[in-house]
Structures are given as C-alpha cells and as structure tokens.
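Heads up: the structure comes next, in structure tokens.
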Amino acid sequence: MKEFNINQLVRKNILELQPYISFRDHNEFEKPVLLDANESPFGEFNRYPDSTQKKIKQKLSELKNISPDQIAVGNGSDELIDLIIKVFCEPKKDSILMMNPSFAMYGFYASVNENRVIKLDLNENFEMIKDEFLKTIKQGQLKIFFLCSPNNPTGNSVDDIEFYVKNFNGIIVIDEAYIEFSGRKSSIKLLEKYPNLIVLQTFSKAWGMAGARVGVAYASKEIIKLINTVKAPYNVNSLSLDLLLKNIDNQEILNQNLENTLIEKSWLKNELQKIKYINKVYPSDANFFLIEFKNVEKVYQKLLEKEILTSKRTPQIPDCIRINVGNREENIQLVTVLKEMES
Ligand code: PMP
C-alpha cells in the first residue's frame, strides 16, 4: 500500500464539513410516516430519492467486488469530475493535469473553480511519453491528474496505467467512460494498492443510459466520504435510480448493446477505409473513431448541411473529426454522404 495522507491534499474548509444525509436515510424505520421533508403526500414520484443511494451501491458493490462505502454515485460522471475538483482544488491556487488532447470537461470544471489547467501533449500516436510526464509532474505541484483511458477524443487506451498511478503524488483519476468497449481490465483492482486513486465509470456509454445521467466513482472510503460531503443531497433522481436498479441485474442489456456497437463499429471502419480522401482512421478502443481527412473543413460542412452532426476537433488535431458509431441506418447515411463527396 502506497503511503498517503489524503487530508494533506484536501481543501481545508471541506475537512471541517460532514456529508449531508437526510434523517430518514440515516436510520432504519419500519413504516415511517413521512412528515419531515415538506414533500407532497400525493403523486407517484412525490418523495425525495435516497440521498445515500444505498440500493444501487449495494448492487454495484456485488458487481465490482468492492465495499459500498468505496462507491459514490453522481449525476453523470461529469458531476463527479466537478465534485472531485471541488474537494481537492483550492480556487486560484491549485492546478490540475490532463492529457492533450483529452476530454474537455476536466479543463472546464477546473476553470469554473479557478484552477490552472496544465496539459501534457500526447505524441503523434496519441500516447503519453513517460519521461515528459515525469518532467511535468516535477515542475509544479499538481493536485489532480485526469487520465482518460480509452481517451476521448483519440480513442486509444493508455498502456501501463499503474506507472502513472505509482508516480503521481496527488489524486489520480482514471476515467473509464469507454472501458467496456475496450475489453481491457478496469483499474478498480489498483484501489487496494493506491489510496490516491479514483476510478470513474458511467452508465452513459456501453449501458446506453446517457439520458438517466448516472456516473460512478470508486475510491478509498476517505475519498468517497469527501465526495459525498460536497455533493448535493439528492443529486441522482428517483426515476434514474429506479431505472438503474431494474437494468443493472440484466447484464444482457449491456452485452447486447456492446455486441451491437462492436458489429456496427467494424462495419463502419470497413466502409471508412474505402474512402480515398480519408488519410487515417485512428485505432479505437471506444465507440467512436477519430478520422483524419484531406479536406476536413469541406467534409464537416457537408455533413452539417445534411444534418449529420459530428465533432470537429480544434488546435492540436485540426484535420480530424470524431464520429461516433451509430446504428446501421445512421452509419449508412453517414457513409453515403462521404461517398458522394468522392465523385
Ligand atoms: N468522461 C469521458 C471521457 C466522456 O467522454 C464523457 C462523456 N462524453 C464523460 C466522462 C461524461 O459522461 P457522463 O456525464 O454522461 O457520465
């Protein structure tokens, strides 16, 4: 176990606070008369959701083989990114580290919290260079490192993740939003060894429940308590919790989604490779492709004209568009427009 004093990294004011847990969620009652929360006694969804998300944590704990008090549930992993920054980063003082290019929301929430964002450039194959990483972390005090694997928008996974966890002395967040598509093992198993690690997962991608907004953080009990301290009491709504409880027992939903996505991904890749003005389809461990075009602006505008929305990337990868795998009908629409542009 790596030696670590979490309290030294936490914002001082947060250390003095306790998580808000509503009285009814704190205690075991058999058949309580609920006159404590100014809710309406009428209607179907008239009650506040469980502020501790007990049932879903129990399920996740069995599924991931980890204690329920090592799990925090958020309104999407987006919320968890925000909460983690709030717990550890002193506004105007602390900095975070992220890969470049990587998921924009790390920088966004850091900026909202008035923290500096240090970017570690990836090489031409979108890999991290270990020496550069070591050099960067020596240069300044960095509170959090957001490591995204598979990385958005590049699509590749980071190799030898433990190297980064071992060498980073702040909080390291491994964002596994796309891990199910990669077939790789989760870093949750590293939690036993590294008390400064947080692993993020989400129900938005492979589970197909982006509309429900549920993300999960796995970490030490101490870190989870701190995340729960800064979260809004009822951050995940009852509709989403009910849906999740219903679906989580049915791994078939995940498997079917995954299988369908992987079939479509391979079909789409095959079609994309036939298009002459595509320079490169980058290898992807996720449900999207980063594609380099000879005529990126024209392609992007043409797709937009046809109301096919894609994600055009800026400065570091100006010739690339990120396109996610759709269903067959959507993929055919995409490929048809791309092929039309060849003639
Ligand atoms: N992490 C990464 C790498 C993502 O790409 C996304 C969504 N685009 C998220 C986190 C946020 O996911 P959600 O808030 O839907 O859980």
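Classify segment 245-303: rounded, prolate or oblate, from the alpha-carbon gyration tensor (a ≥ b ≥ c, eigenvalue square roots; a/c under 1.5 rounded; otherwise prolate if a/b is larger than b/c)? Intermediate results must be reported in sequence, preceding the final value.
Details: a/c = 3.54, a/b = 2.60, b/c = 1.36.
Prolate is the answer for segment 245-303, as a/c is 1.5 or above and a/b outweighs b/c.
Where is the GNM fluctuation largest for the chain (alpha-carbon springs, 10 angstrom cutoff): 172, 96, 291? In the Gaussian network model the winner is 291.
Report the calculated FRET efficiency for residue 119 and residue 44 (r = Cβ-Cβ distance, R0 = 45 Å), to the nearest 0.05. List each step's numbers first, then the result.
Values: r = 47 Å, r/R0 = 1.05.
Rounded to the nearest 0.05, the efficiency is 0.45.
Shape class for the chain, computed from the alpha carbon gyration tensor (a ≥ b ≥ c): oblate, with a/c not under 1.5 and a/b at or below b/c. Among DSSP beta bridges lying fully in the chain, give the percent that are antiparallel, nearest 5. Looking only at bridges with both residues in the chain, the antiparallel portion is about 50 percent. Any chance you could check the Cα centroid distance between segment 311-341 and segment 249-294 for me, in angstrom? Segment 311-341 and segment 249-294 have Cα centres separated by 11 Å. Relative to the longest principal axis of the Cα atoms of the chain, helix 130-139 runs at roughly 50 degrees. Say the cut-off is 31 Å between C-alpha atoms; which of 135/265; 246/274; 57/166; 246/280 go over it? Check vs 31 Å cut-off fails for 135/265; 246/274; 246/280. Here the dipole of the chain is about 600 debye; that uses its Cα centre as origin and unit charges on the Cβ of Lys and Arg (positive) and Asp and Glu (negative). For the charge dipole of the chain, defined by +1 on Lys and Arg C-beta atoms and -1 on Asp and Glu C-beta atoms about the Cα centroid, which residue among 315, 260, 338 has the Cα displaced farthest towards the positive pole? About the Cα centre, the residue reaching furthest to the positive side is 315. Considering all C-alpha pairs of segment 193-343, those separated by over 26 Å amount to 44%. Computed from Cα atoms, the angle from the helix 328-340 axis to the main principal axis of the chain rounds to 30 degrees. Inter-part distance, segment 217-232 to segment 67-146, computed on C-alpha centroids, equals 17 Å.
What is the gain in length, in nm to one decimal, between residue 339 and residue 160 on full extension, counting 0.36 nm per residue of separation less the C-alpha to C-alpha distance? Before the final figure, lay out the partial values.
On the way: separation 179, 0.36 × 179 = 64.44 nm, distance 3.89 nm.
Working it through step by step, the gained length comes to 60.6 nm.
In percent, rounded to a whole number, the relative contact order of the chain is 18, using alpha-carbon pairs under 8 Å and six or more apart.
Take 28, 176 and order them by how many other Cβ atoms sit within 10 Å, fewest up front.
Numbers: 28 6, 176 26.
Ranking 28, 176 by Cβ neighbours within 10 Å, fewest first, gives 28, 176.
For helix 221-230, what angle does its Cα long axis make with the longest principal axis of the chain, in degrees from 0 to 90 and rounded to 10? The answer is roughly 90 degrees.
The gain in end-to-end length when the residue 294 to residue 55 segment is fully stretched comes to 80.9 nm, 0.36 nm per residue minus the alpha carbon separation.
I need the calculated FRET efficiency for the pair residue 210 and residue 33, taking r as the beta carbon distance and R₀ as 30 Å, to the nearest 0.05.
0.20
Dipole orientation for the chain: of the candidates 232, 199, 75, 199 has the Cα lying most toward the positive pole (charges on Cβ; Lys, Arg +1; Asp, Glu -1).
Computed from the coordinates by the stated procedures, all read-outs in this text should not be read as laboratory data. Everything quoted here is computed from the prediction, not taken from an experiment. In this analysis, Cβ positions are derived from the backbone assuming ideal geometry, glycine residues included, and neighbour counts consider all displayed protein chains.
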